[in-house]
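J.: Take this structure, written in structure tokens, and hold onto it; I'll ask about it next.
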Amino acid sequence: MPKVTFPESFTWGCATASYQVEGAWDEDGKGESIWDRFSHTPDKVRDGDTGDIACDHYHRYKDDVALMTELGLDSYRFSISWPRCFPDGKSKLNPPGIDFYSKLIDELLEAGVTPFPTLYHWDLPQALQDGGGWANRDTAKRFEEYAFNVVDKLGDRVKRWLIFNEPWVFTVMGYLNGHHAPGIRDASMAMRTTHIVNLAQGMAARAMRETGNVEELGSAFSMTGAYPASSGEDDRAAAERRFAFNNLWFLETVQNGRYPDAYVGGTDLARLGVEPDDMQLIKAPLDFIGINLYTRSVVAHDPQEPNLGGRDAPVDGVERTEFGWEVYPEALHDVILRIWNDYKLPIYITENGCSYSDAPDERGVVDDQRRISFLQRYIAQVARAIDEGADVRGYYLWSLMDNFEWAFGYSQRFGITHVDFETQERTIKQSGYWYRDVITENGFSY
């Protein structure tokens, strides 16, 4: 059996997000978020599900930290709810909100689990959305203020931070196709939001460093392997444009102060709403790169598509998760090496995982062998990339527990811990025990 091993300093963790696990959606002075509004709007989320209670992590965080200890986690990646800390997105800090995260951090540190917070995982204050949301340049300024204040308050105990989680997703899915909050479908607005979010990322990075509390700073970028449908030059070029738009649109900007070449006719800065000095504001090089990766895209040239000039090519007869994503572990290796070779920055795998609906059997055991198989193959590709020279410093499995899966509600289960959403009972799945053993051994055989 082949043995997969990792460097001694490698970090093993799990990840969650505030709206997906916390619940307590209107308690202790918390303001309404765009996901509160979106999930309470009929026909936006499957089965009418909301994150009102979710995993009740807000009230059960001590038990959940104990769960992390049982799993042997080195680190816990969580996100901070902007409207919990600043109910209207600006002005006065809400003390109970920031205090929740302070107590969570203390509990983690006492348990020997390193906190790894993300400042924004999609729950924009609804009050800011009422003023235009990410389509309003003022939101970048508000985010800069929020970032400074949170890091100023909590940075005495937290040294490694993420600014954004998947900015490509919350702009494109929220403002272009409307599948996510705030549910807008406006192509020109969506492009402007990507630029304003890039502004916010650069501005926040500088503000966070100004606190003097930050030792390592990055963002978690949604990435996918982009492969040409054939060896033809047109398909290869289309796949490269897809890679640039999906993977680099918010990374090339913060690192090098320029947009990647993703568009057929070149990137139109006027279409993005770029103003003088914006690119200088956007550039604020990171200390590390977070990669969230689950699957791949196979791309074919499409002359009828005026922007990226490509389309997804169907791939038949392949293994897929219950979410419908193709299982293609090599994509994680390939993207890691591409990003490492192009940017030479340390990398954390900030999300990777799979959705399968296995439930407790008559013995109370969740025997989710498909998830174990998925994780074995993907994590082995991380080790392969390290062996080939990439500086990958940690892996954060998505997710610690089953939770609210955005527009899919509670129909998709990504956790290594099963959650009964009626009783809130947590049951560690067999994949959770497998992951615990991986952490203990700092590797595995398969």
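J.: Note down the nm distance, to one decimal, between modelled labels 7 Å out along Cα→Cβ at R377 and at E27.
T.: About 4.1 nm separates the two model spin labels.
J.: While we're on this one: Hey, how much of the P(r) for the range 31-112 falls beyond 16 Å, as a percent of Cα pairs?
T.: In whole percent, the long-distance tail amounts to 61.
J.: A further question on this structure: Divide by every residue of the chain the summed helix terms, -39500 (n - 2.57) for each DSSP H run of at least 4, and state the resulting mean residue ellipticity at 222 nm, rounded to the nearest 500 deg cm²/dmol.
T.: On the way: 16 runs with 169 residues, N = 446.
When only DSSP H runs of four or more count, the value is -11500 deg cm²/dmol.
J.: Using only alpha-carbon positions, what ratio does the radius of gyration of the range 71-166 give when scaled by 2.2 N^0.38 Å? Working shown, then result.
T.: Working: Rg = 13.8 Å, N = 96, 2.2 N^0.38 = 12.5 Å.
With N residues counted in the range 71-166, Rg over 2.2 N^0.38 Å equals 1.11.
J.: Using the alpha-carbon centroid of each, what span in Å lies between the range 128-142 and the range 36-59?
T.: 23
J.: With just the Cα atoms of the range 184-333, tell me how far they stretch along each of the three principal axes, in Å, largest first.
T.: Here the Cα extents, ordered largest to smallest, are 52, 33, 31 Å.
J.: Would you grab the residues whose amide H sits under 5 Å from the one on E166? Only those 5+ places off in sequence or on another chain, please, with H modelled 1.01 Å from N.
T.: Answer set, sorted by chain and number: A220, F221, S222.
J.: Also: Using a 10 Å cut-off on Cβ atoms, rank the peptides 97-103, 1-7 from the highest mean neighbour count down. Spell out each step's value before the answer.
T.: Numbers: 97-103: 18.4, 1-7: 13.1.
Order by mean packing, descending: 97-103, 1-7.
J.: Now for a separate question. I'd like to know how the range 354-428 sits against the 2.2 N^0.38 Å rule of thumb: what's its Cα Rg over that expected value? Walk me through the numbers on the way to the answer.
T.: Working: Rg = 14.8 Å, N = 75, 2.2 N^0.38 = 11.3 Å.
Dividing the Cα radius of gyration by 2.2 N^0.38 Å gives 1.30.
J.: For D420 and D152, compute 0.36 nm times the residue count separating them, minus their Cα-Cα distance, and round to one decimal in nm.
T.: Working: separation 268, 0.36 × 268 = 96.48 nm, distance 3.68 nm.
Length gained between D420 and D152: 92.8 nm.
J.: So for the range 228-282, what percent of the C-alpha to C-alpha distances run longer than 17 Å? Before the final figure, lay out each step's value.
T.: Numbers: 635 of 1485 pairs.
In whole percent, the share of Cα-Cα pairs in the range 228-282 beyond 17 Å is 43.
J.: Non-local amide H neighbours of T295 (under 5 Å, H modeled in plane, Pro and chain starts lacking H): which ones?
T.: Distant-sequence amide H within range of T295: G225.
J.: Let me ask you something else. What does the net charge come to around E441 if you take all other residues with beta carbon closer than 15 Å to its beta carbon, with K and R at +1 and D and E at -1? Mind dumping the intermediate values first?
T.: On the way: positive: K3, R436; negative: E8, D74, D437.
So the environment of E441 carries a net charge of -1.
J.: Within the chain, what is the longest stretch that has no GluC sites (Glu not before Pro) placed in a DSSP loop and near at most 15 other beta-carbon atoms within 10 Å? Intermediate results must be reported in sequence, preceding the final value.
T.: Working: sites that count: E8, E27, E215, E319, E322, E362, E388, E422, E425.
My reading of the result: 28-214 is the longest stretch.
J.: Specify, per residue and in Å³, the volume enclosed by the convex hull of the alpha carbon atoms belonging to the range 1-153. Spell out each step's value before the answer.
T.: Details: hull volume 25.0 nm³, N = 153.
Value for the range 1-153: 163 Å³ per residue.
J.: Same structure again: Given R₀ = 56 Å, what would the calculated FRET efficiency be for V264 paired with A359, taking r from the Cβ atoms and rounding to 0.05?
T.: On the way: r = 47 Å, r/R0 = 0.84.
Efficiency, from the Cβ-Cβ distance: 0.75.
J.: While we're looking at this one, here's another question. How high is the relative contact order of the range 230-366, in percent, with contacts defined as C-alpha pairs under 8 Å that are six or more residues apart?
T.: After rounding, I find 25 percent.
J.: Using a 1.4 angstrom probe, figure out how much accessible area the range 330-446 has per residue, in square angstrom, rounded to the nearest whole. Please list the in-between numbers first.
T.: Working: 4070 Å² over 117 residues.
On a per-residue basis, 35 Å².
J.: What FRET efficiency do you get for D387 and E319 if R0 is 30 Å and r is their Cβ-Cβ distance, rounded to the nearest 0.05? All intermediate terms of the calculation are to be shown ahead of the outcome.
T.: Numbers: r = 25 Å, r/R0 = 0.82.
Between D387 and E319 the formula returns 0.75.
J.: May I ask you to list the lysines whose Cα is less than 24 Å away from that of K3, ignoring any residue fewer than eight positions away on the same chain?
T.: In chain and number order, the partners are K429.
J.: I want to check the label-to-label distance for Q430 and R271. Put each point 7 Å from Cα in the C-beta direction and report it in nm to one decimal.
T.: A separation of 5.0 nm, rounded to one decimal place.
J.: May I ask for the percentage of alpha-carbon pairs in the chain that lie more than 36 Å from each other?
T.: Working: 21704 of 99235 pairs.
Percentage above 36 Å: 22.
J.: What do the square roots of 5 times the Cα gyration tensor eigenvalues come to for the range 307-418, in whole Å, largest first, as semi-axes of the equivalent ellipsoid?
T.: Details: eigenvalues 151, 73, 38 Å².
After scaling each eigenvalue by five and taking roots: 27, 19, 14 Å.
J.: Using a Förster radius of 45 Å, what is the FRET efficiency between S445 and D43 based on their Cβ-Cβ separation? Nearest 0.05, please. Write out the running numbers ahead of the final one.
T.: On the way: r = 48 Å, r/R0 = 1.07.
The calculated FRET efficiency here is 0.40.
J.: Pulled fully out, how much extra length does the chain show between K92 and D367, if you take 0.36 nm times their separation in residues and subtract their Cα-Cα distance? Kindly include the intermediate steps, with their values, before the conclusion.
T.: Numbers: separation 275, 0.36 × 275 = 99.00 nm, distance 4.77 nm.
Gain on extension, K92 to D367, equals 94.2 nm.
The values are calculated or read from the model by the stated rules, or taken from the named source; none is laboratory data. Just so you know, these numbers come straight off a predicted model, no measurement behind them. Glycine also receives a Cβ, built like all others from the backbone with ideal geometry; neighbour counts cover every protein chain displayed. We work out accessible area using only protein heavy atoms, side chains counted, and drop any ligands, DNA or RNA first. Shrake-Rupley method; radii C 1.70, N 1.55, O 1.52, S 1.80 Å.
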